[in-house]
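Every number here is computed from the coordinates shown, using simple stated rules; none is lab data. Worth saying up front: this structure is predicted, and the values here are computed from it rather than measured. Cβ atoms come from the backbone with ideal geometry, glycine included; neighbour counts cover every protein chain shown.
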Amino acid sequence: MRTRLSTEQRREQLLAIGAGLFAARPHDEVRIEEVAEIAQVSRGLLYHYFPTKKEFFAEILRTHRDRLLAMSEPDPSLPVAEQLRLGLDVYLEFARTHPDGYRIVHRSADDADREIREICAEGVYANAERILAVVGRVREVTPVTRLAVRGWLAFVAALILDWLDEPKISQDELRDLCVRTLFAAVDVAPSAVSGEVREGPHTGI
């Protein structure tokens, strides 16, 4: 006997199934009808929630992007280093527990469709602004700093995708690696972070 789900529960179920399919196969090879078959619902019900395959895929991206941003919201009352580490802990835990969603979001940044690219770009921009706000507590944010943070985010995304495929180091080791490379990228010495005093550029991290 099929379990009756609320509207929101059914929507979440369909999005989760879709995330698994899109993460496992190229976008063009996934039929949206497969989702209805796996969920054991009618195609009509599926299309009631998501009229087109593109809208379905876009909603999967938005859902995982927004969920990750909400979970990793920084606490400005914490010291800079702790904000960064806790934020990365949440980020990595999300990737570990929602690997399908994470893979989809970070492998869709180069999608040919403009709307899909913009959904991903909005997430990168929001993350970059958060990090820059934290970094701004210990050093001046310049155009170089902004470029460095965006480059670091791309580096971290690639690193996590590799880690999900082959987790050869622990989650804590990966987090510490990401923190060290961020400090190096924005040219901030770890000793400066503990005091949280705005300083000029540093050398020799």
| task | Can you tell me the 0 to 90 degree angle between the C-alpha axis of helix 143-165 and the longest principal axis of the chain, rounded to 10? | result | 50 degrees
| note | Calculated from DSSP helices alone, with each H run of at least 4 adding -39500 (n - 2.57) and the total divided by the residues of the chain, [θ]222 nm to the nearest 500 comes to -23000 deg cm²/dmol
| field | Cα centroid separation - region 18-32 against region 121-167, whole Å | value | 28 Å
| Tell me, what is the Rg over Rh of region 5-69, with Rh the Kirkwood radius over Cα pairs? | 0.94
| said: Using the Cα centre of region 52-160 as the reference point, and only Cβ charges (+1 on K/R, -1 on D/E), how large is the resulting charge dipole? Debye, rounded to the nearest 20. | reply: 240 debye
| Estimated inter-spin distance, A70 and E122, nm [label 7 Å along Cα→Cβ] | 1.4 nm
| What number, in percent, do you get for the relative contact order of region 58-191 if the mean sequence gap of Cα pairs under 8 Å and at least 6 apart is divided by its residue count? | 29 percent
| task | Express in nm, to one decimal, how much length is gained between E33 and E12 on full extension, taking 0.36 nm for each residue of separation and deducting their alpha carbon distance. | result | 5.9 nm
| task | Show the residues, 5+ positions off or on another chain, whose built amide H is closer than 5 Å to the amide H of R139. | result | E199
| message | Expected output is a single nm value to one decimal: the length gained when fully extending between L177 and V90, i.e. 0.36 nm times separation in residues minus the C-alpha distance. What is it? | response | 29.8 nm
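With charges only on Cβ, +1 for K and R and -1 for D and E, what is the dipole size of the chain about its Cα centre, in debye, rounded to 20? Walk me through the intermediate numbers first.
On the way: 27 positive and 33 negative charges, 64 e Å.
The dipole of the chain has a size of about 300 debye.
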| Among Y102, Y125, Y91, residue whose mean-square fluctuation peaks in a GNM of the chain (springs only between Cα atoms under 10 Å) | Y125
| task | Just grab the label-to-label distance for D165 and Y49, each label 7 Å out from Cα along the Cβ direction, in nm (one decimal). | result | 3.0 nm
| said: Using the basic label-point model (7 angstrom from Cα toward the beta carbon), what is the Q40 to R4 distance in nanometres? | reply: 1.6 nm
| query | Taking Cα atoms, how many degrees apart are the long axis of helix 171-185 and the longest axis of the chain, rounded to 10 and kept between 0 and 90? | reply | 50 degrees
| Which angle from 0 to 90°, rounded to the nearest 10, does the C-alpha axis of helix 80-97 make with the longest principal axis of the chain? | 20 degrees
